[in-house]
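Engineer: Take a look at the following structure, please.
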Amino acid sequence: MKSNTRIFLALIISFFLGVFMSFSNGRDFLLSLQSGFIFAIIVATIVALLSWGINIAAKKGYSGWVGFLLVLILNILGLAILAVLPNKTTVINQISK
């Protein structure tokens with residue numbers, strides 16, 4: 001699944017979920033829409049960071065889970081670590097020479 005699709009789905013699903021949860025907790029419709037929008041922005045930002053980590057790890061030859069876990073556990077520091085990691089294919093080629 002592409003990053004853009006992941007982020008867009010997270011934005012839409014979390015918006016509807018946020019509006020529903022807020023409305024079911026007794027808020028009026030306008031405040032529920034506002035709360036749902038704020039919740040959707042927060043969730044989409046988190047999904048965008050996680051997706052970015054997966055893409056960076058995959059481009060460097062590592063498993064997508066490495067990027068996901070580094071960003072999940074270390075947040076922005078995890079993205080910095082992923083940016084500094086060497087490409088896995090170049091490390092393997094250097095060892096075999």
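A short reminder: the numbers here are calculations on the coordinates, not readings from a lab. Here the structure is a predicted model, which is why all the values come from computation and not from measurement. A quick note on method: Cβ atoms are made from the backbone with ideal geometry, for glycine too, and the neighbour counts reach across all protein chains shown.
Engineer: Kindly provide the helix-only [θ] at 222 nm of the chain, computed as the sum of -39,500 (n - 2.57) over DSSP H runs of four or more divided by all residues, to the nearest 500 deg cm²/dmol?
Structural biologist: Working: 5 runs with 82 residues, N = 97.
It comes out at -28000 deg cm²/dmol, rounded to the nearest 500.
Engineer: Between L49, L82, L30, where does the largest GNM mean-square fluctuation fall for the chain, given springs only between Cα atoms within less than 10 Å?
Structural biologist: Among L49, L82, L30, the largest mean-square fluctuation in the Gaussian network model of the chain belongs to L30.
Engineer: To the nearest 20 Debye, how big is the dipole of the chain about its Cα centre, given +1 on the beta carbon of each Lys and Arg and -1 on that of each Asp and Glu?
Structural biologist: Details: 7 positive and 1 negative charges, 99 e Å.
Charge dipole, the chain, about its Cα centre: 480 debye, nearest 20.
Engineer: Another question, then. Would you list I42, I81 from fewest to most Cβ contacts within 10 Å? All intermediate terms of the calculation are to be shown ahead of the outcome.
Structural biologist: Numbers: I42 12, I81 16.
Taking fewest neighbouring Cβ atoms as first place, the list is I42, I81.
Engineer: A follow-up question, please. Among L31, L11, L79, which one moves the most in a GNM of the chain with springs linking Cα atoms closer than 10 Å?
Structural biologist: Comparing L31, L11, L79 in the GNM, the peak value goes to L31.
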